[in-house]
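Below: one structure, written as structure tokens.
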Amino acid sequence: MESKEKNLMILKYGAYTFVIVLCFSVMLPLIGASMALSQNLMMVVLGAEIFFCCKEYKEKSEQSLDFKNAFFLGMKVSFVAGLINSILVLIIILAIGSAAIEEALYKSKALIYKGGDDAVFRQIVEVVSNPFTISIFTILLYLLIGVFLSILVALFVKESHSDQG
């Protein structure tokens, strides 16, 4: 399989992951589903797209799919999905403004900590409410989840050396 074809396949499955997760993120709150359900579905969708990417690679490639190749395919799909999602998050945050995010963080702080305003929390809010920081955390979240899912899928789809020939 050519590198260009492989990269297009990775981009395709990363984009599929993003679109499906976006649909769940929009639809589930409308029916009153919890945010935890949305996050769990994101993991299921990402795992499924990693699996389908590995399956397509096995079908189109003359090379065997060992654990290492399957793992890195999964990580690349995770990165692409996280990157696309982080760009959307960045656009949304820039559109609504960081003041709205800071206000949401302070409201959540009030639920967690009943007490006076502390300087440490204010500094954390200033760092975390930066749109670019939030975008980086979005990519890191996808990569972190992608590590575990890529390991699981790679263990499942890898071909043993005896299957090669």
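The values are calculated or read from the model by the stated rules, or taken from the named source; none is laboratory data. Given the structure is predicted, the values throughout are model-derived calculations rather than measurements. Please note: Cβ atoms are built from the backbone with ideal geometry, for glycine as well, and neighbour counts cover all protein chains shown.
On inspection, Phe24 fails the criterion of being modelled with pLDDT of 90 or more and surrounded by 13 or more Cβ atoms within 10 Å (Cβ to Cβ). Leu73 - would you say it is more than 16 Å from Leu140 (Cα to Cα) and in contact with a Cys (Cβ under 8 Å, 6 or more places away or on another chain)? In short, yes. Helices (runs of 4 or more DSSP H) fully within segment 58-144 that include at least 2 residues being modelled with pLDDT under 75 and hydroxyl-bearing (Ser, Thr, Tyr): 98-112. Kindly check whether there is at least one residue in segment 31-50 that is part of a helix (DSSP H, G or I) and more than 19 Å from Leu141 (Cβ to Cβ). No, the conditions are met nowhere in segment 31-50.
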